[in-house]
Amino acid sequence: MPLAYYSRAATQEFWSEHWGSQEPEALVGVARRSPLTSLIEEALPRTGRILEAGCGLGQYVHILRQRGHAAVGIDWGLDALRRCRKSFPALPVAVADLVALGVKDGAVAAYLSLGVVEHDPDGPDLILREAYRVLAPGGRLILSVPYLNGVRRVFRPYVSWRQARLRREGAAFYQYVFTRREVRAFLDAGGFRILSLTPYDPARLLRKAIKRSAPYLSPPGRGEEGRGVRVDRGEGDAGGLKYLARRLLYTPPLLRLLGHMILAVAVKR
């Protein structure tokens, strides 16, 4: 069974608040720098329509169209799509339910969905059934879900206990976190043949840990640095360290240990 997290239900109100705190142009900049974007582009077919299901503020639809792909986006959040259209008026995005897309059978060459199916308390099967329907034979499914990485496996007993307590206290279901085996199982059951499973975003757990411990890490001292204010030590050194850190984090062992999400690339049978 996948590991379930409880806090607040991922309703339309939740996503309106989530996307309301972000800007489409800023997300485009993040996506352009992200290694995930390269993984997505490598997996896409060269021709045919690409449907992003759960496109949010539309940053990937925007980037993919700029790079020559026939990408369109759908989302159930009207507020998010309004903000998307305000920044990118010509972007082809529409409101739709992911289990009833209103798209013809076999109409798309690729179905892209990033961090969406894990929020259905009944599991990903209904959304995947609709993805299978709209994909052409041999079409590509590119889908990501939260990953039960090495660190999460170690702490799973504690996390399971804590999430069970939150549920008893009235917290709503938020999302599932999956192992590789569980991702393989639900994709196979949905009629897909897996080509690759790639963890990504290994820095997320580290960023959260550093943020939580930041008040305790700043040593007492004089001046700006003693008060925890960032002091510039030279952009060249900092840039080099960031590059090396990213290269290290994106090695297979650390991706398995720390990857926050896992990207599945599969083919419709």
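In segment 29-63, what trypsin sites (Lys or Arg not before Pro) fall in a loop by DSSP, with at most 13 other Cβ atoms inside 10 Å? In loop regions of segment 29-63 (DSSP not H, G, I, E or B), the sparsely surrounded trypsin sites (Lys or Arg not before Pro) are Arg46. Here's the list of lysines a cross-link from Lys208 could span, going by alpha-carbon distance under 22 Å and ignoring same-chain residues fewer than 8 apart: Lys242. Put a plus charge on the Cβ of each Lys and Arg, a minus charge on the Cβ of each Asp and Glu, and nothing anywhere else: the dipole of the chain about its Cα centre is then about 720 debye.
Each label was represented as a point 7 Å from its Cα along the Cα-to-Cβ direction; for Ser160 and Leu244 these points are 4.0 nm apart.
Taking a ≥ b ≥ c as the square roots of the eigenvalues of the Cα gyration tensor, segment 1-138 is rounded, since a/c falls below 1.5.
Mean sequence separation of contacting Cα pairs (under 8 Å, at least six apart), scaled by the length of the chain, corresponds to a relative contact order of 23 percent.
Taking Cα atoms only, the orientation of helix 180-189 departs from the longest principal axis of the chain by about 10 degrees. Using 10 Å bins from zero, what percent of all Cα-Cα pairs in the chain falls into each bin? Taking all Cα pairs of the chain, the binned fractions are 6, 25, 34, 24, 9, 2, 0 percent. Here's how it looks for Gly139: its modeled amide H is under 5 Å from those of Lys268, which are all 5 or more places away or on a different chain. The C-alpha atoms of the chain define a longest principal axis, and helix 235-249 lies at about 50 degrees to it.
Every read-out reported here was derived from the displayed coordinates using simple, explicitly stated rules and does not represent laboratory data. None of these values were measured; they are calculated from a predicted model. Heads up, the Cβs are rebuilt from the backbone with ideal geometry, glycines too, and the neighbour counts pull from every protein chain shown.
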